[in-house]
Amino acid sequence: MSKTIVARITVVAEDETASDTAAKKLLHELHELDDVVSVAQDRSPGAPDGARSGELIAVGTLIMSLVAQPEVITAVLTYLADWRRRQGRGQVEFRTEKAELILTNASDAQVDKLIEAFIEEVTDPES
């Protein structure tokens, strides 16, 4: 079996309801991608104790396991960038143990450079 990595994907929209709705839509779409071993909603606890509601950012979070090959990670990140663009606003955050990538309103060229740098970071044996 191929080596896998686990990533946390967070969808940030205008409010908690919109974030959760968007994350659920993304969840269904990600199930269709090749080399995605698993993807599910994050069931970990919400805000830390003592946090005030005004301090919270409304997010919907998914946990994904995927094949740890540069071309697979690139394909998933490109898909996420395209998906974010189709939403028209908000952001998608992709975090692994080694690095994070936040996709917002970047141009295609900027996204390509960000993805390339991210791939170098997560596949670098020195890090």
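The values are calculated or read from the model by the stated rules, or taken from the named source; none is laboratory data. All values reported here derive from a predicted model rather than from experimental measurement. Because the Cβ atoms are built from the backbone with ideal geometry, glycine has one as well, and the counts that use them run over all protein chains shown. Ligands, DNA and RNA are stripped out before the accessible areas are found, and what is left, the full protein with its side chains, is counted by its heavy atoms. Shrake-Rupley method; radii C 1.70, N 1.55, O 1.52, S 1.80 Å.
The residues of region 15-38 that are open to solvent by 40 Å² or more (accessible area, probe 1.4 Å), assigned to a helix (DSSP H, G or I) and either in contact with a Leu (Cβ under 7 Å, 6 or more places away or on another chain) or at pLDDT below 90 (or both), listed by number, are 16, 17, 20. Pairs are defined by a Cβ separation below 7 Å, a sequence spacing of at least 6 or placement on different chains, a first member in region 98-113 that is open to solvent by 70 Å² or more (accessible area, probe 1.4 Å), and a second member that is among the charged types (D, E, K, R) and not in a helix (DSSP H, G or I); the pairs so defined are 100/93. If you go through region 70-104 and keep only what is in contact with a Lys or Arg (Cβ under 9 Å, 6 or more places away or on another chain) and basic (Lys, Arg), you end up with just 95.
Would you please name the residue that is farthest from the chain's Cα centre (by Cα), looking only at residues in region 85-97 that are open to solvent by less than 80 Å² (accessible area, probe 1.4 Å) and more than 13 Å from residue 13 (Cβ to Cβ)? Within region 85-97, the match that is farthest from the chain's Cα centre (by Cα) is 96. Restricting attention to region 69-84, the residues being open to solvent by less than 90 Å² (accessible area, probe 1.4 Å) and of a type in the set (D, E, K, R) number 2.
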